[in-house]
Amino acid sequence: MVKIATGAIDGFLRKPPPDLRAVLFYGPDSGLARERLTALALTVVPSLDDPFLVAELNAESVKSDPGLLGDEAAAIAMTGGRRVVLIRDAADALGDAFLSFLDDPVGDALVLVTAGELAAKSKLRKAFEAAPCAAALPCYLDEAGGIDRLIDEGLRPMAVRIDREARHYLVDHLGSDRGVSRSEIEKLALYAGPEGHLDVDTVATLIGDSSVSTMDDVIYAMVDGESGTLDRALDLAAEEAVAPVALLRMAGNHMLRLRRVQDLVAAGTPLPGAMAALKPPIFFKVKARFEASVKRWSPIAVGEALTLLLEAEAACKRSGAPDWVLCHRTLHQVGALARRQGGRRPGRR
């Protein structure tokens, strides 16, 4: 099937081609993969809970017995109607099974498959990309525009208004998983109520108990040069399924904000005024730590850190890159820069 452009994915999910037989959803954003799989499945069946129209196969079972895929795809529903076959957490080991199935698909079921990150040379991904009756949809982290749209979709039903600074805060702090992001936005909408209003302090407080606080712990351990704390924060981020590229992007944004404040101070603005000029504003709970970072870091070192972080983020986005290894190494390299400029902050361990 011809590659589907990013802007055409929503239309494809609402009205898929009539000859479509199988779709692979792959990439690091498992929440987005689930959301897209569900949307496409519901164009064929009324509910994913229907045992007559929906079958789920275990990836290991298909690997052991590839014939199961054809058997399930060709099965006829007792109640009539087209069926959906689901396979979750697939891997490259299923490449041969799908090469065979998609070469001459039997039955009329729609086969939907989810997988994690797959390299461009992945046999499974190539099988879906090459077949005229199939498609492979990448599910990557939300960029700023995607989060903006998600915020609008989540707040519109209750006509909730959100300040510009609060929106910026959400864009900076959400995005590692579409499902988690949508849940957080829905929580904010319920708190605000119909025709309510959200400011940055409210948003920061309400989502502060999510992975956002973990990400902040990673960033400040990095800029403070606290290697032990950074290791623990990274372990927690991994447990919470925070995406490495999201950490690197947030770290880069943090260094850009440091640079902005340093430029204003160099131009004659007092430090408190320079910090107050940041949009979105610095969350009150971390103002003291941010000020300490401004004083510790030299502009040259900030530039070096930005180069490391931007290069690592770009590398993580390349298929097959060892993203956690790159993220861990780069954040520790930035932490080493911090230690070379004055060591740890007094009183911290």
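The values are calculated or read from the model by the stated rules, or taken from the named source; none is laboratory data. Remember, predicted model here, so these are calculated numbers, not experimental data. For neighbour counting, all protein chains shown are included, and Cβ atoms are generated from backbone atoms with ideal geometry for every residue, glycine included. Note: areas computed on protein heavy atoms with side chains; ligands, DNA, RNA excluded. Shrake-Rupley method; radii C 1.70, N 1.55, O 1.52, S 1.80 Å.
There is no residue in the stretch 43-55 that is open to solvent by 30 Å² or more (accessible area, probe 1.4 Å) and either touching an Asp or Glu at 6+ places or on another chain (Cβ under 8 Å) or assigned to a helix (DSSP H, G or I) (or both). The test for being open to solvent by less than 10 Å² (accessible area, probe 1.4 Å), of a type in the set (A, V, I, L, M, F, W, C), in contact with a helix residue (DSSP H, G or I) (Cβ under 6 Å, 6 or more places away or on another chain) and under 24 Å from GLY31 (Cα atoms) holds for LEU248. Among residues of the stretch 266-287 that are over 24 Å from ILE300 (Cβ atoms), those with a Cβ under 7 angstrom from a residue that is at pLDDT below 90 and of a type in the set (A, V, I, L, M), sequence gap 6+ or separate chain, pair up as PRO280/VAL200; PRO281/VAL200; PHE283/ALA204. Once the stretch 120-143 is narrowed to residues that are farther than 17 Å from ALA33 by Cβ and out of contact with any helix residue (DSSP H, G or I) (no Cβ under 7 Å at 6 or more places or on another chain), the residue that is most open to solvent (accessible area, probe 1.4 Å) is LYS121. The condition of being open to solvent by less than 30 Å² (accessible area, probe 1.4 Å), in a strand (DSSP E or B) and touching a helix residue (DSSP H, G or I) at 6+ places or on another chain (Cβ under 6 Å) holds for only one of LEU40, LEU24, LEU32, LEU13, that being LEU24. Close contacts from the stretch 219-242, counting a first residue that is within 17 Å of LEU337 (Cβ to Cβ) and a second that is among the hydroxyl-bearing types (Ser, Thr, Tyr) and surrounded by 22 or more Cβ atoms within 10 Å (Cβ to Cβ), with Cβ to Cβ under 9 Å and a gap of 6+ residues or different chains, come to TYR220/SER293; VAL223/SER293; ASP224/SER293.
Can we say ARG149 is open to solvent by 80 Å² or more (accessible area, probe 1.4 Å), on the phi < 0 side of the Ramachandran plot and of a type in the set (Lys, Arg)? Answer is yes for this residue. Exactly one residue out of ARG149, ARG125, ARG164 is farther than 22 Å from LEU248 by Cβ, in contact with a Leu (Cβ under 7 Å, 6 or more places away or on another chain) and basic (Lys, Arg): that is ARG125. Pairing residues of the stretch 182-196 that are open to solvent by 100 Å² or more (accessible area, probe 1.4 Å) with residues that are modelled with pLDDT of 90 or more and assigned to a loop (DSSP other than H, G, I, E, B), at Cβ distances under 6 Å and at least 6 apart in sequence or on separate chains, gives GLU195/ALA159. Residues in the stretch 297-319 that are of a type outside the set (A, V, I, L, M, F, W, C) and surrounded by fewer than 19 Cβ atoms within 10 Å (Cβ to Cβ): SER298, PRO299, GLY303, GLU304, THR307, GLU311, LYS317, ARG318, SER319. Yes or no: the stretch 59-73 includes at least one residue that is surrounded by 12 or more Cβ atoms within 10 Å (Cβ to Cβ), assigned to a loop (DSSP other than H, G, I, E, B) and within 24 Å of the chain's Cα centre (by Cα). No, there is no match, as no residue in the stretch 59-73 is surrounded by 12 or more Cβ atoms within 10 Å (Cβ to Cβ), assigned to a loop (DSSP other than H, G, I, E, B) and within 24 Å of the chain's Cα centre (by Cα). Residue check: is LEU94 part of a loop (DSSP other than H, G, I, E, B), more than 17 Å from ALA41 (Cα to Cα) and open to solvent by less than 20 Å² (accessible area, probe 1.4 Å)? Answer is no for this residue.
Taking the listed residues ALA243, ALA238, the one that is surrounded by fewer than 17 Cβ atoms within 10 Å (Cβ to Cβ) and of a type in the set (Gly, Ala, Ser) is ALA238, with no other qualifying. Cβ separations smaller than 6 Å between residues 6+ apart or across chains give no pair from the stretch 320-349 residues that are more than 20 Å from ASP235 (Cβ to Cβ) and open to solvent by 80 Å² or more (accessible area, probe 1.4 Å) to residues that are aromatic (Phe, Trp, Tyr) and modelled with pLDDT of 90 or more.
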